[in-house]
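Below is one structure, written out as structure tokens, with a few remarks after it.
The values are calculated or read from the model by the stated rules, or taken from the named source; none is laboratory data. On a predicted model such as this, the values are computed, not experimentally measured, just so you know. Every residue, glycine as well, gets a Cβ built from its backbone with ideal geometry; the counts of neighbours run over all protein chains shown. The protein model used for the area step is the full one, side chains on, heavy atoms only, and it has no ligands, DNA or RNA in it. Shrake-Rupley method; radii C 1.70, N 1.55, O 1.52, S 1.80 Å.
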Amino acid sequence: MSSSIRSPAVKSFKVFPYENFQGLDTSRDVSSLDTGKDQHLQKIQDAHSDWRGQIVRDAAAKFKKGTNPVNHLSYFSATEVVWAEQTGAAIDLRSERDHVKEAAYRTNSVVSSTVFNQGVQFTSRDQDMYRYDGAIFSKNLSPAINELKPAFATSVQRRLAVAGINGRETQVHLSRVDQDEIFPADEDETSTNSLRAGFLDIANLLNTADKITGLGSFEQNRLVIFTQDRAIVFKIDPNISNWLLDDNANINIGCASHNTIKNAGTDLLFCSRSGIHSIKRSEENGLLVYSYSMSDKVDLLYRSFFNSVNDPETISAVFDQDQAHYHVFFPQSSGETKRLTLALNPEGGTPQPKFSTGTHLNTRCGAFLGGQLTVGTSGGVYDILKPETDDEDAVTPQLEMITPFLWHGSLTDTKETNSLIIQASGEGQLEIDATDLDGKLLGSLVVEVNNTLDDNHYEGVPLSRQYERKWQHRYLAAQYRIRSISGSGLLRIIGLAVTVRT
């Protein structure tokens, strides 16, 4: 009788890293997004993907003033804001200096503003136009404006331009130079003053029954007139004789809401029915002005947000110049707000848009000036701090990120995992769980993140094993969710990795 002794098999492991996160992507199915490198996610809420591909928890918000829902917000000085708030019966205009114009507009009105002549000019369709100069809210005394009652306004080349006029849907009226209370109908018909007020009528340029939906200023002297389906650009000058249609502008996409039109560096961002777009000048010839889509990879998500609002004109946006973030707010009839954030590359060069969402504080609108982002919420006005600021009086959001289904290689073989690795920095607790293709919970664990530096992480450098935990499960593919459940200040997730038995 003979016997043999078999040596135990040597177990080996393969690491599957996921890093350099690229934000949301809804253009592909969640089961076909596993790339490992340059990894897109299914969900990023109250966090964003920065230019280095790290998931960063959104900054905390510190209460400033107010109690009611804020529908519109603007800076009237370097550090102080004025806003429109919804009360039970109407919309009041209120400033940080406790000046109030009660019942300025009907309830549920869409309020817009622009800064001109050192004052904030408030407009709302078919209602009076008000000006706030830091001391008092005053009604615009122009007889012409009191008849026109425009929906929105912008300033360009020392003139105040207004549009959205009932019965004159294709007209833009521009004030006299440096005057906010003298418009075309206020001028002497025989005046030949080159600085006089004037108007533009684009009806015969449209060739359709379209109407003006927004106004924006581009570069130093361009007025962009948006309609539902296109945009027309005029060169505006203090001398009315020098107004000229820009034939080099070719913009065949319209704007859905005036309050989404924001200057972003040399570009002009706005929201259409189908997505977020940018107007820019061609770098090749320096002449052509054109638009291009920024949100193709989240088109399904954008349209679902867009269709969730009762009136597209209530959608608003703000551009945070320091963070290079364009925040779009979609107020819901329930009182909640959905936020979609576009993060641009602050280093310049070819735009690499990354998207995320947020619900923190039900932010409804915002304004940015001098490095400070201030937002209006369902319960007053808040200042947004910098991501690294840790303030005990501030309200910190809690990030949530969900990966697509991760296959770790083969689409047909069952995997046997051994451990989970998280590379993160900052302070707080992260709760991690995973579900399989059938939605069954595989397991969960909590990782305590300490305040460690991660500046040695560069593209091409493998993940360091900062936080490795036992993670022994079997699945064909799994979807991982990471949530922060405590902590404040800066919190970053650099990468995720799973070790699999081979």
Checklist line | Index of the failed condition, GLN86 passing every other in (1) farther than 19 Å from VAL318 by Cβ; (2) over 21 Å from the mean Cα position of the chain (by Cα); (3) not small (Gly, Ala, Ser) | finding: (1)
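Just name the residue that is farthest from ALA477 (Cα to Cα) out of those in the range 430-448 that are acidic (Asp, Glu) and without any contact (Cβ under 8 Å) to a residue 40 or more places away in the chain.
GLU448
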Notebook entry, point to check: In the range 16-44, which residue that is in a loop (DSSP other than H, G, I, E, B) and among the β-branched types (Val, Ile, Thr) is least open to solvent (accessible area, probe 1.4 Å)?
Noted result: THR26
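Would you list the strands (runs of 3 or more DSSP E) that sit entirely within the range 283-394 and hold 1 or more residues that are small (Gly, Ala, Ser), open to solvent by less than 40 Å² (accessible area, probe 1.4 Å) and in contact with a Lys or Arg (Cβ under 7 Å, 6 or more places away or on another chain)?
Numbers: elements: 289-293, 316-320, 325-331, 337-343, 354-358, 365-369, 372-377, 380-384.
The qualifying strands (runs of 3 or more DSSP E) are 316-320, 337-343, 354-358, 372-377, 380-384.
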Note to self: I'd like to check something: does the range 428-436 contain any residue that is open to solvent by less than 10 Å² (accessible area, probe 1.4 Å) and under 22 Å from THR502 (Cβ atoms)?
What the structure shows: yes
Checklist line | Pick from the range 208-217, criterion part of a loop (DSSP other than H, G, I, E, B) and in contact with a strand residue (DSSP E or B) (Cβ under 7 Å, 6 or more places away or on another chain), ranking: farthest from ILE240 (Cα to Cα) | finding: ASP210
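Are any residues in the range 66-96 in contact with a Phe, Trp or Tyr (Cβ under 9 Å, 6 or more places away or on another chain) and surrounded by fewer than 16 Cβ atoms within 10 Å (Cβ to Cβ), and if so, which ones?
ALA90
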Note to self: When you check GLY214 against the structure, is it touching a residue at least 12 places away in the same chain (Cβ under 8 Å), of a type outside the set (S, T, N, Q), under 19 Å from CYS271 (Cβ atoms) and in contact with a helix residue (DSSP H, G or I) (Cβ under 7 Å, 6 or more places away or on another chain), yes or no?
What the structure shows: yes
Notebook entry, point to check: Does ALA434 count as under 30 Å from the mean Cα position of the chain (by Cα) and either modelled with pLDDT of 95 or more or among the polar types (S, T, N, Q) (or both)?
Noted result: yes
Next item on the list: Quick one: which residue in LYS149, LYS235, LYS139 is touching a residue at least 12 places away in the same chain (Cβ under 8 Å), of a type in the set (Lys, Arg) and under 22 Å from SER124 (Cβ atoms)?
Entry: LYS149
Item checked: Members of the range 263-282 that are assigned to a strand (DSSP E or B) and more than 17 Å from ASN345 (Cβ to Cβ) -> ASN263, LEU268, PHE270, CYS271, HIS277, ILE279, ARG281
Notebook entry, point to check: Since THR260 meets every condition but one in (1) touching a residue at least 40 places away in the same chain (Cβ under 8 Å); (2) more than 11 Å from the chain's Cα centre (by Cα); (3) closer than 23 Å to THR107 by Cα, which condition does it not meet?
Noted result: (2)
Margin query: Can you confirm whether ALA424 is modelled with pLDDT of 90 or more, over 30 Å from GLY371 (Cβ atoms) and either of a type in the set (A, V, I, L, M) or touching a Gly at 6+ places or on another chain (Cβ under 9 Å) (or both)?
Written below: no
Checklist line | Of the criteria (1) of a type outside the set (Asp, Glu); (2) closer than 20 Å to ASN68 by Cβ; (3) touching a His at 6+ places or on another chain (Cβ under 6 Å), which one GLY376 fails | finding: (3)
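Condition check: basic (Lys, Arg) and modelled with pLDDT under 95. Does ARG364 satisfy that?
Against the criterion (basic (Lys, Arg) and modelled with pLDDT under 95), ARG364 does not qualify.
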Checklist line | Residue within the range 236-256 that is more than 30 Å from PRO312 (Cβ to Cβ), open to solvent by 50 Å² or more (accessible area, probe 1.4 Å), of a type in the set (A, V, I, L, M, F, W, C) and assigned to a loop (DSSP other than H, G, I, E, B) present | finding: no
Checklist line | Residues within the range 262-282 that are open to solvent by less than 10 Å² (accessible area, probe 1.4 Å), in contact with a strand residue (DSSP E or B) (Cβ under 8 Å, 6 or more places away or on another chain) and over 23 Å from LEU369 (Cβ atoms), tallied | finding: 1
Margin query: Any residue at all in the range 409-420 that's at positive phi, of a type in the set (Gly, Ala, Ser) and open to solvent by 20 Å² or more (accessible area, probe 1.4 Å)?
Written below: yes
Checklist line | The lone exception for GLN372 - which of (1) over 16 Å from the mean Cα position of the chain (by Cα); (2) of a type outside the set (D, E, K, R); (3) farther than 18 Å from LEU340 by Cα it fails | finding: (1)
Notebook entry, point to check: Does THR67 satisfy the condition of being of a type in the set (S, T, N, Q), at negative phi and either touching a His at 6+ places or on another chain (Cβ under 6 Å) or modelled with pLDDT of 95 or more (or both)?
Noted result: no
